[in-house]
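These notes concern the structure reproduced below.
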Amino acid sequence: MQDYIFSNDFSRNIDAMIYTCGYENCAPGHSYGPILRNGYLIHYILSGSGIYKARGKIFRLKEGDAFLICPGELIFYQADLKSPWSYTWIGMQGIKVRGYLERTSLLEHLTIHYGQDDQMRLCHEKMFEADKLPQNRDLIMNSIMYEYLFLLARKFPNHQLSVHENKSDYVEEALKYIEACYCDPITVQDIAEHLNINRSYLHRLFKAFTGISIQSYLLDYRIRQACILLKNTSLSVRAVAHSVSYADPLYFSRLFRQKKGVSPSEYRRNE
């Protein structure tokens, strides 16, 4: 198999998505890093061996093993000099990915062994096939991602999940509430009251599970929806502003420029 790489545009989906996948047949001693990555990547070793360094540990891995790279963590990996590895990888980004991985033991231990699980191996192969599709490639690749995450959670469950899962439920409900009500002038306090929890507690939970504040996410979500309207409709900037909860179109335009670097009108022209 020739080396293969697929890459996607994370900015088009903030929830959960495949942003890269690929295959590489490494030369002896081939290395990568030390480096920080901006998404979650799972490498699965098809043959050979090598080392993976993360969180101050060295993992010696071989065929059938897989290792997780987490965003913002310094990592290094290298193929063996005598028996260099070949591997496939799946890269995921989005606000919900960490919560999904929390359901598995992989986030804590960083490595797993697939063993004879053909279903998990097949997910990697199906990614390659999906990349060849002329249409709706993102839909099939993301459907494979959810199947893959389900298999991970079933085969390598996080047995310490009970209390943690209750906390993640609040974050999931907050995300659903924002998706349903972003067009109304809801605030973080409104979300906390909807969940019947303290605003500060919600802020801490959301930041811990997603890496950003709930206030930032709410603003980013509204701006993203505004971008969709500007690109796909002929609504005026005033109507777009109202559609994402901003009664003052000038205030909306200032926020939009801060986030996107251009005014709403310029964004529409550029698209």
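For the reader, a short list of remarks on this structure follows.
- Cα gyration tensor shape of the stretch 96-185, rounded if a/c is under 1.5, else prolate or oblate by comparing a/b with b/c: oblate
- Reachable lysines, given that their alpha-carbon falls under 25 Å from the alpha-carbon of Lys260 and they are not under 8 places away in the same chain: Lys96, Lys176, Lys207, Lys231
- Difference of contour (0.36 nm per residue) and Cα-Cα distance, Arg137 to Ser49: 28.5 nm
- Cut-off under 5 Å, modelled amide H: who pairs with Ser213 long-range: none
- Long-range amide H partners of Phe76 with built H, under 5 Å: Lys53
- Shape call, the stretch 216-267: gyration tensor on alpha carbons, a/c limit 1.5: rounded
- Simple spin-label estimate for Arg257 and Ser234 in nanometres, 7 Å along Cα-Cβ: 2.7 nm
- Full-extension gain in nm, Arg121 to Asn38, via 0.36 nm per residue minus C-alpha separation: 27.5 nm
- Per residue, in Å², the accessible surface of the stretch 129-271 once ligands and nucleic acids are set aside, probe 1.4 Å: 58 Å²
- Each helix, a run of at least 4 DSSP H residues, gives -39500 (n - 2.57); summed and divided by the residues of the chain, these come to -14500 deg cm²/dmol at 222 nm.
- Under 22 Å from the Cα of Lys62 - lysines, other chains or at least 8 residues apart: Lys53, Lys82, Lys155
- Cα-based shape type of the stretch 144-226, given that a ≥ b ≥ c are square roots of the gyration tensor eigenvalues and the cut on a/c is 1.5: oblate
- Accessible-area composition of the stretch 142-271, carbon plus sulfur, in percent [1.4 Å probe]: 49 percent
- Full-stretch length increase - Lys155, Ala27 - with 0.36 nm per residue and alpha-carbon distance subtracted: 42.9 nm
The values are calculated or read from the model by the stated rules, or taken from the named source; none is laboratory data. None of the values given here were measured: they were computed from a predicted structure. As a convention, Cβ positions derive from the backbone with ideal geometry for all residues, glycine included, and neighbour counts pool all protein chains shown. With ligands, DNA and RNA removed, areas are computed over all heavy atoms of the protein, side chains included. Shrake-Rupley method; radii C 1.70, N 1.55, O 1.52, S 1.80 Å.
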